[in-house]
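Chemist: Below are the structure tokens for one structure; questions will follow.
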Amino acid sequence: MSAALLSVGEMTLRGLSRRRASLALLFALPLAFYLARHGQPWQAVRFLGVGLAWAASTIALFAALDARGTEPRLRVSGWSWRDLVAGRVGAIALLGLVLAGCYVALVAVDRPIGTTGSLALALAVTAITGVATGSALGALAPRELEGALLLFIVAGLQMVVDPEAGAARLLPFWSTRELMTRAIEGSSSSASLAAALVHAGATVALCALVTAIASRRRIGA
Amino acid sequence: MRTATWIEQLAHELAALDVPSADAAAIVVEAESHLGEAAADPLAAFGAPAAYARLMADALAPAASAGPAAGRVRARVAGVHKRYRGRTVLDGVDLTVRDGEAVLLIGPNGCGKSTLVRILAGLQRPDGGRVAVDGSVGYAPQHGGVAPHLTPSEQFVLFGRARGLSRAAAIRDGVRLADQLAWDAARAPVAAALSGGTRQKLSIVLAALGEPDLLLLDEPYQGLDLDSAQRFWELLWDWRDRGRAALVVAHARDALERADAVVELGRASAPLRSAA
Amino acid sequence: MKRTDQRPAWLRGVLDLCLLALLDEGEAYGYELARRLEELGFGAIPGGSLYPALLRREKLGHLRAEWRAGDGGPGRKYYVLTPAGRAALSEERAAWRAFAGSVEAALAGAEAAR
């Protein structure tokens, strides 16, 4: 890994580590969703996935907006826009995976459902698609308010649209629902692992493209 | 204009420029003696009193004029046009910054100073004209530009590493530059906890870190106290005395006397005064 | 381009050097220097060029000022070349001769090519 990615990533995480309250709320969000449906194990785990998707995308969105002030001048100082974006998004993805790991452990200890392996896969994919989605919205949004509203629209639609409808597949966290269903129901589930992974892969690829194009314009090539 | 009137206005202008009274008296007596002997029209021989006073005040400011002769061209802008939201911001602007020169960019609000600086930094493209910058650039934007949740030392590392400095060298250079601005950066808290003026110092240090060939500072000393502003200029003079180039956007009246050359946007884009 | 007197523009780069050279012959005051430059064919020297140049060199330590009482009028400021000024003069004179030689070579070359 290049020195650029390491330096940018390290400073992204150091900056986040100072925002204790934000980090605490971030950990609390999926936990609140999980505890709210604690009485219904399947729903509790499903909502844990939704909460993680939101938490990961929110932190990626705000990390992108926070970096707006410094990224252009860091580019002038010598980092490339690729290093800056990859370092930041990579660091947030790492944080998202740590967050996912914490919840895998929590569920495994609290009330094992399905296999731990498939739950870990579901939450890891959720964290990554969340970070990718938040980063893309962060690259597109003109300011914080617009960014937050964009995120609400995406997250809200995810809740409102009938998951069986075709349109649901156009939303970024469709794969989360499929993978969570599979984690809960086991391999007998009707949910297709391959379809979910392809959807997640396509979501990440599309978000990466949007992030790259918008960031390159904003930071300067 | 009557000679007596011209002399009176000259004395007035020199006082307005804070020229020490002994120097001002010498300048006035010398001009008076010249005019007496040459029996010439003062306007023809010396120009307007205000302009002459300015020239003499500049010649007096030793730090601003003692620098080495300006060197090779570091940045050149020729006939640059830029439209922004349907409004012409820059209309055929010319500008040259040479090594060993601290150039001041002035002009009314909204005349495109920041846009021109961003174009020089490579962050915006002009709609027309030519821009050539030779070498590395350090840029401090007018607003923000520092990471709110990182300590100054962490930011020195982030910016210094971009220039290829080691971690230790980046912190050492950052602390040294901050010290030149009378700021102890080694023990400072995260940027969000700093005062506005101190954040401005941090921003200046981050631009200068790693000795880029061209320093671009957009309103660098807004919020700096008088002593810090003076230290800022000393840092800048030291910078150009080491043969490096700088372009500074500033409104403060004292900046006019302290820079080596002044370019005014919004009117004619020709330099008001060259370093030569 | 409009044809104008090019001497002021050319003089701008070498006025300091000429002043140092004149003062190498002995001390003089401002108006005297202006007259001598005019006699040498430079055209009228504006006070706005002459005195800032003298003041800059004074501040650099190349010139020392001496005030003398004038004939009835206000005192006169005489400029005296200092040792540092003499050193600067010889350095700048050599640099100028090299430069003037280059200009001459370029002009001669262009003429010969015609």
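Chemist: Could you estimate the translational diffusion coefficient of the stretch B:3-59 from the Stokes-Einstein equation, with Rh from the Kirkwood formula over C-alpha pairs, at 20 °C and 1.002 mPa s, in whole µm²/s?
Modeler: Details: Rh = 11.0 Å.
The Stokes-Einstein estimate is 195 µm²/s.
Chemist: Another question about this same structure. Put a dot 7 Å past each Cα toward the Cβ at residue C:65 and residue C:80; how far apart are the dots in nm?
Modeler: 1.5
Chemist: Also, quick follow-up: At residue A:80 and residue A:212, where each label point lies 7 Å from the Cα along Cα→Cβ, what is the point-to-point distance in nanometres?
Modeler: 1.1
Chemist: Kirkwood hydrodynamic radius of the stretch C:7-113 from all distinct Cα pairs, in Å?
Modeler: On the way: mean 1/r = 0.0665 Å⁻¹.
With all distinct Cα pairs of the stretch C:7-113 included, I get 15.0 Å.
Chemist: Taking only the alpha-carbon positions of the stretch A:3-219 and ignoring solvent, what does the Debye formula give for the base-10 log of I(q)/I(0) at q = 0.09 Å⁻¹?
Modeler: -0.34
Chemist: If amide H atoms are built 1.01 Å from N in the plane of the peptide, which residues on other chains or at least 5 residues away come under 5 Å of the amide H of residue C:29?
Modeler: Answer set, sorted by chain and number: C:79.
Chemist: Could you go through the stretch A:151-168 in sequence order and give the Karplus-derived ³J(HN,Hα) for each residue, using 6.51 cos²θ - 1.76 cosθ + 1.60 with θ = phi - 60°, rounded to whole Hz, and x for Gly and Pro?
Modeler: Result, rounded to whole Hz: 5, 4, 4, 4, 5, x, 4, 4, 7, 7, 5, 4, x, 7, 5, x, 4, 4.
Chemist: Which ³J(HN,Hα) values, rounded to whole Hz and listed in residue order, are derived for the stretch A:173-183 from phi using the Karplus coefficients 6.51, -1.76 and 1.60 in 6.51 cos²θ - 1.76 cosθ + 1.60 with θ = phi - 60°, glycine and proline given as x?
Modeler: 9, 4, 5, 4, 4, 4, 5, 5, 4, 5, 5
Chemist: OK, next. Rounded to the nearest 100 Å², what is the buried accessible area between B and A, both sides summed, probe 1.4 Å? Spell out each step's value before the answer.
Modeler: Numbers: alone 13320 and 10960 Å², together 22220 Å².
It comes to approximately 2100 Å² buried between B and A.
Chemist: Under 17 Å between alpha carbons, and skipping anything fewer than 8 positions from residue B:201 in its own chain: which aspartates and glutamates qualify?
Modeler: B:154, B:173, B:179, B:184, B:211, B:218, B:219, B:225, B:227, B:234, B:238
Chemist: Might you report the magnitude of the Cβ-based charge dipole of chain A about its Cα centre, with Lys and Arg at +1 and Asp and Glu at -1, to the nearest 20 debye? Don't jump to the answer; show the numbers that get you there.
Modeler: Working: 19 positive and 11 negative charges, 123 e Å.
The dipole of chain A has a size of about 600 debye.
Chemist: Under 5 Å between amide hydrogens, which residues at least 5 positions from residue B:129 or on another chain qualify, with H placed 1.01 Å from N in the peptide plane?
Modeler: So residue B:129 has HN proximity to B:81.
Chemist: Right, something else. Using just the alpha carbons, could you tell me how many Å³ per residue the convex hull of the stretch B:135-276 encloses? List each step's numbers first, then the result.
Modeler: Details: hull volume 15.5 nm³, N = 142.
Taking the convex hull of the Cα positions in the stretch B:135-276, it is 109 Å³ per residue.
Chemist: Describe numerically, in nm with one decimal, the distance between label points set 7 Å from Cα along Cα→Cβ at residue B:41 and at residue A:198.
Modeler: 9.0
Chemist: Treat the stretch B:87-218 as a sphere of radius equal to its Kirkwood radius over Cα pairs and apply Stokes-Einstein at 4 °C in a medium of 1.567 mPa s; give the translational diffusion coefficient in µm²/s, rounded to a whole number. Could the numbers behind the result be given before it?
Modeler: Details: Rh = 15.9 Å.
In µm²/s, the coefficient rounds to 82.
Chemist: With no solvent and one point per C-alpha, what does the Debye sum give as log10 I(q)/I(0) for chain B at q = 0.15 Å⁻¹?
Modeler: Rounded to two decimals, the profile gives -1.11.
Chemist: Any idea which of A:95, A:214, A:195 is furthest toward the positive side of the dipole for chain A, if Lys and Arg beta-carbons carry +1 and Asp and Glu beta-carbons -1?
Modeler: A:214
Chemist: Considering just Cα atoms, how many Å³ per residue does the convex hull of the stretch A:153-221 enclose?
Modeler: Details: hull volume 6.8 nm³, N = 69.
Residue-normalised Cα hull volume stands at 99 Å³.
Chemist: Using amide H atoms built 1.01 Å from N in the peptide plane, name the residues 5+ places from residue B:139, or on other chains, whose amide H lies under 5 Å from its own.
Modeler: B:216
Chemist: Here's something else I'd like to know. Taking a cut-off of 16 Å between Cα atoms, list the aspartates and glutamates near residue B:82, but don't count ones fewer than 8 places away on the same chain.
Modeler: The qualifying aspartates and glutamates are B:91, B:94, B:127.
Chemist: Compute the long axis of helix B:226-241 from its Cα atoms, compare it with the longest principal axis of the Cα atoms of chain B, and write down the angle in degrees, 0 to 90, nearest 10.
Modeler: 90
Chemist: For the protein assembly as shown, what does the convex hull of the Cα positions come to per residue, in cubic angstrom? All intermediate terms of the calculation are to be shown ahead of the outcome.
Modeler: Numbers: hull volume 127.2 nm³, N = 611.
Here the figure is 208 Å³ per residue.
Chemist: Stretch residue B:176-residue B:5 to full length: gain in nm at 0.36 nm per residue minus the Cα-Cα span?
Modeler: On the way: separation 171, 0.36 × 171 = 61.56 nm, distance 5.09 nm.
Gain in length upon complete extension: 56.5 nm.
Chemist: If you plug each phi of the stretch A:128-136 into the Karplus form 6.51 cos²θ - 1.76 cosθ + 1.60 with θ = phi - 60°, what whole-Hz ³J(HN,Hα) values come out, in order, with x for Gly and Pro?
Modeler: Couplings: 5, 5, x, 5, 5, 5, x, 5, 5 Hz.
Chemist: Calculated from DSSP H runs of 4 or more alone, at -39500 (n - 2.57) each and per residue, what is the 222 nm mean residue ellipticity of chain B, nearest 500? Before the final figure, lay out the partial values.
Modeler: On the way: 11 runs with 122 residues, N = 276.
Mean residue ellipticity, 222 nm, calculated: -13500 deg cm²/dmol.
Chemist: Straight-line reach from residue C:59: which aspartates and glutamates have a Cα under 15 Å away, not including same-chain ones fewer than 8 places off?
Modeler: The reachable aspartates and glutamates, counting only those whose Cα sits under 15 Å from residue C:59, are B:23, B:58, C:16.
Chemist: Can you compute the FRET efficiency between residue A:153 and residue A:28 using 1/(1 + (r/R0)^6), with r the Cβ-Cβ distance and R0 = 22 Å? Round to the nearest 0.05.
Modeler: Values: r = 23 Å, r/R0 = 1.04.
The computed FRET efficiency comes out at 0.45.
Chemist: Assuming 0.36 nm per residue, please report the length gained on full extension of the stretch residue A:162 to residue A:13 beyond their Cα-Cα distance. Working shown, then result.
Modeler: Details: separation 149, 0.36 × 149 = 53.64 nm, distance 3.68 nm.
Once the chain is fully extended between residue A:162 and residue A:13, it gains 50.0 nm.
Chemist: May I ask you to order A:92-104, A:171-183, A:71-83, C:7-19 by the average number of other C-beta atoms within 10 Å around their residues, highest value first?
Modeler: Working: A:92-104: 20.5, A:171-183: 24.8, A:71-83: 22.2, C:7-19: 15.6.
So the peptides A:92-104, A:171-183, A:71-83, C:7-19, ranked by packing, come out A:171-183, A:71-83, A:92-104, C:7-19.
The values are calculated or read from the model by the stated rules, or taken from the named source; none is laboratory data. As the structure is a computational prediction, the values presented were derived from the model and not from experiment. No Cβ is skipped: glycine too gets one built from the backbone with ideal geometry, and neighbour counts run over all protein chains shown. Ligands, DNA and RNA are excluded from the accessible area calculation, which covers all protein heavy atoms including side chains. Shrake-Rupley method; radii C 1.70, N 1.55, O 1.52, S 1.80 Å.
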